[in-house]
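Colleague: Mind having a look at this structure? Questions to follow.
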Amino acid sequence: MRKTATILIVSLASLFLHSTRANAFSDDLELRSRIGYHIGATAPLNMPATVRSVDAYHLTASFLLGLDVMKPVSEKFGLQTGLRLENKGMDGEISTKAYRMEMRTKDSYTAGVYTGQIRQKVREWMLTLPLQMTYKLSRQIQLKGGPYASLLIDKEFSGIAFNGYLRQDGPTGPKVLMGNKEGEWATYDFSEHMRNLQMGIAIGADWQVHRRLGVSIDVNWGLTGILKSDFKTVEQTLYPIYGTIGIFYRLR
């Protein structure tokens, strides 16, 4: 999937540069400022058997601020790119059974399989470059879709394990109990194992409700997991999957 996204990005970038090179300052270039709010999660595609239930999901301050440039290439089709500063976050709780973990209890480090509750926090600040094809469905509605690449500038993947126990080294190892109060639970932090570059696919629609003002809805699906491939503590590949609602203002 990463090779496919790379090919799409290179192809769309080449088309965009080719179309703008001939008339770089053409009057038909369209500029839009954009602000949005992300709602979603970082999760595996299939819920593993070691995760028994999702107990809570808390909304986070996950915003997008960006500038888009769109170049028409025909009456209906166009190419769009831009630059966005965005934050994708997640704060949730799950119940697990025999879930492989590494964690700290007080001043000691331990690893094994964990049964109990986990509260997990993910935070990613990034600069994102989208490269999209656009299609005018009508004078007011424009569809769009294509790959994106995101460079992380700040990141966190951490949490606590509580109301459970860890079997050290394996399912039959010594049991380490964890309570539900600070000092009794264990913590983990895998931030240093997160990828610095993410790639994915985004599709959506813009609806111009006024001559310059409009609303938008998008779905962003990460093709690369947020954790590095050589990090094996978390068994499943976790993908950033988010929906975005926003508004845009046509500057030109």
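Colleague: Rank 115, 79, 133 by how far each Cα sits towards the positive end of the charge dipole of segment 73-134 (+1 on Lys, Arg Cβ; -1 on Asp, Glu Cβ) and give me just the farthest.
Modeller: Final value for the positive-end residue is 115.
Colleague: For residue 181, which lysines qualify as cross-link partners when the Cα separation must be under 19 Å and same-chain residues fewer than eight apart are set aside?
Modeller: Here the lysines satisfying the reach criterion relative to residue 181 are 106, 121.
Colleague: Given the DSSP H assignment, sum -39500 (n - 2.57) over each helix run of at least 4 residues in the chain and divide by its residue total; what's the result at 222 nm in deg cm²/dmol, nearest 500?
Modeller: -2500 deg cm²/dmol
Colleague: Carbon and sulfur atoms: what percent of the 1.4 Å accessible area of segment 205-248 do they account for?
Modeller: 64
Colleague: What is the diffusion coefficient of segment 121-252 in µm²/s, taking the Kirkwood radius over Cα pairs and the Stokes-Einstein relation at 25 °C with a viscosity of 0.890 mPa s?
Modeller: It comes out at roughly 136 µm²/s.
Colleague: Nearest 10 degrees is fine. How inclined is helix 2-21 to the longest principal axis of the chain, computing both from alpha carbons?
Modeller: Tilt of helix 2-21: around 20 degrees.
Colleague: Right, here's the next one. Restricting to DSSP loop positions (anything but H, G, I, E, B) with no more than 16 other Cβ atoms inside 10 Å of their own Cβ, which GluC sites (Glu not before Pro) remain in segment 72-109? Intermediate results must be reported in sequence, preceding the final value.
Modeller: Details: sites: 75, 86, 93, 102; in loops: 75.
Hits after loop and neighbour filter: 75.
Colleague: Relative contact order for the chain: what percent, with Cα pairs under 8 Å and sequence separation of 6 or more?
Modeller: Numbers: 664 pairs, mean separation 53.8, N = 252.
Result for the chain is 21 percent.
Colleague: Still on this model: Put 242, 165, 109, 249 in order of accessible area, largest first, 1.4 Å probe: what do you get?
Modeller: From most exposed to least exposed: 109, 249, 165, 242.
Colleague: List the lysines whose Cα sits under 24 Å from the Cα of residue 136, skipping any in the same chain fewer than 8 residues away.
Modeller: 71, 76, 144
Colleague: Please compute the contact order of segment 199-242 in relative form: average sequence separation of alpha-carbon pairs under 8 Å and at least six residues apart, divided by the residue count, as a percent.
Modeller: Value for segment 199-242: 36 percent.
Colleague: Please give every one of the aspartates and glutamates within straight-line cross-link reach of residue 88, meaning a C-alpha to C-alpha distance under 13 Å, and leave out same-chain neighbours fewer than 8 residues apart.
Modeller: Cα-Cα hits under 13 Å: 124, 154, 156.
Colleague: Quick check on segment 181-252: take the gyration tensor over C-alpha atoms, sort the square-rooted eigenvalues as a ≥ b ≥ c, and tell me if it's rounded (a/c under 1.5), prolate or oblate.
Modeller: It comes out prolate by the Cα gyration axes.
Colleague: If you don't mind, there's one more thing I want to ask. If you take every residue apart from residue 216 with its C-beta less than 11 Å away from the C-beta of residue 216, what net charge results, scoring Lys and Arg +1 and Asp and Glu -1?
Modeller: 0
The values are calculated or read from the model by the stated rules, or taken from the named source; none is laboratory data. Keep in mind it's a predicted model, so treat the numbers as computed, not measured. Neighbour counts are summed over all protein chains in view; Cβ atoms, including those assigned to glycine, are modelled from backbone coordinates with ideal geometry. Surface accessibility is based on the protein's heavy atoms, side chains included, excluding ligands, DNA and RNA. Shrake-Rupley method; radii C 1.70, N 1.55, O 1.52, S 1.80 Å.
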